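Let me begin by presenting the structure, written as structure tokens, before commenting on it.
The values are calculated or read from the model by the stated rules, or taken from the named source; none is laboratory data. Because the structure is a prediction, the values reported are computed rather than measured. With ideal geometry, Cβ positions are generated from the backbone for all residues, glycine too; neighbour counts draw on all protein chains shown.
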Amino acid sequence: MLTDQPVWLSSVCERVKTQCDQAWDSFVVGEQAWDTPMGELVASFLKHGGPKAELQLIWLMMFATRRVLPCWQIYCDTSEPIETVNVIRNWLIAPQPQDWSKFITPAEPAYQGVPIVDCRQCDTSAVASAAAKAAEFIKHRNPLAVIESLGDADAAIDQSPLQAGNHYREWFINVAIPTAYLQRDLTTDEQSAFLDYNIDEVLKNSSKGET
């Protein structure tokens, strides 16, 4: 964590820590979503972050979705969520006009053209939704999309076989949130912080299309 972060950011990180035994997913929709852990987090950024808040939240969504992309990659052979994350990252680093409309519809998980409709649909669809909601926020600036994107990213890893050893929430609180506040990309070490496994090896050894 940053040692010189503002009091409000330290407070919201501590608050999120106390909610690690709660659901962070986006099954609660609409205005009630503000009462969820991710709703409180987004509200704090919007209240205290000033004119930089929206960009900070976009960085945070990009970090969170990128962390869980392997949940898609171990089963699917298409790359829509990956492309969306890459476009968002490039836009954050060097902003330029972008047609976000083609990124706001969640991709359908599939392998070799066959839709994935079994238990793997849960985590893969959550990844696709996290990426699409991030793009939706950039296009429409509806903060509820941020809550949904962050909730979907958490749901993706929570329902994935990659959950064990990922320590997603610990990473999210201690690395992703403070770095998003700084509006810079994560280093390679920060991206893999708290992981108990080498994600490249996991992807190399994965058998797509199998449960």
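So here's what we get for this one:
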{"read-out": "Check on P178, outside any helix (DSSP H, G or I) and in contact (Cβ under 8 Å) with a residue 24 or more places away in the chain", "value": "no"}
{"read-out": "The one condition in (1) surrounded by 16 or more Cβ atoms within 10 Å (Cβ to Cβ); (2) in contact with a helix residue (DSSP H, G or I) (Cβ under 6 Å, 6 or more places away or on another chain); (3) in a loop (DSSP other than H, G, I, E, B) that S44 fails to fulfil", "value": "(3)"}
{"read-out": "Of all residues in the stretch 181-211 being in a helix (DSSP H, G or I) and polar (S, T, N, Q), the one that is modelled with the lowest pLDDT", "value": "N205"}
{"read-out": "Whichever residue in the stretch 121-162 is among the charged types (D, E, K, R) and under 11 Å from T65 (Cα atoms) and, among such residues, is surrounded by the most Cβ atoms within 10 Å (Cβ to Cβ)", "value": "D152"}
{"read-out": "Residue tally, condition in contact (Cβ under 8 Å) with a residue 24 or more places away in the chain, under 26 Å from L195 (Cα atoms) and surrounded by fewer than 22 Cβ atoms within 10 Å (Cβ to Cβ), over the stretch 16-35", "value": "4"}
{"read-out": "Filter result for D118 (over 13 Å from L57 (Cβ atoms), touching a residue at least 24 places away in the same chain (Cβ under 8 Å) and surrounded by fewer than 16 Cβ atoms within 10 Å (Cβ to Cβ))", "value": "yes"}
{"read-out": "Residue satisfying condition, being touching a strand residue (DSSP E or B) at 6+ places or on another chain (Cβ under 9 Å) and acidic (D, E), within set E136, E80, E108", "value": "E108"}
{"read-out": "Hits in the stretch 6-15 (condition: farther than 21 Å from Y168 by Cα and either without any contact (Cβ under 8 Å) to a residue 12 or more places away in the chain or of a type in the set (S, T, N, Q) (or both))", "value": "V7"}
{"read-out": "Filter result for Q19 (part of a helix (DSSP H, G or I) and out of contact with any Asp or Glu (no Cβ under 6 Å at 6 or more places or on another chain))", "value": "no"}
{"read-out": "Output for the stretch 132-175, where each listed residue is part of a loop (DSSP other than H, G, I, E, B) and under 21 Å from I74 (Cα atoms)", "value": "Q159, S160, P161, L162, Q163, A164, G165, N166, H167"}
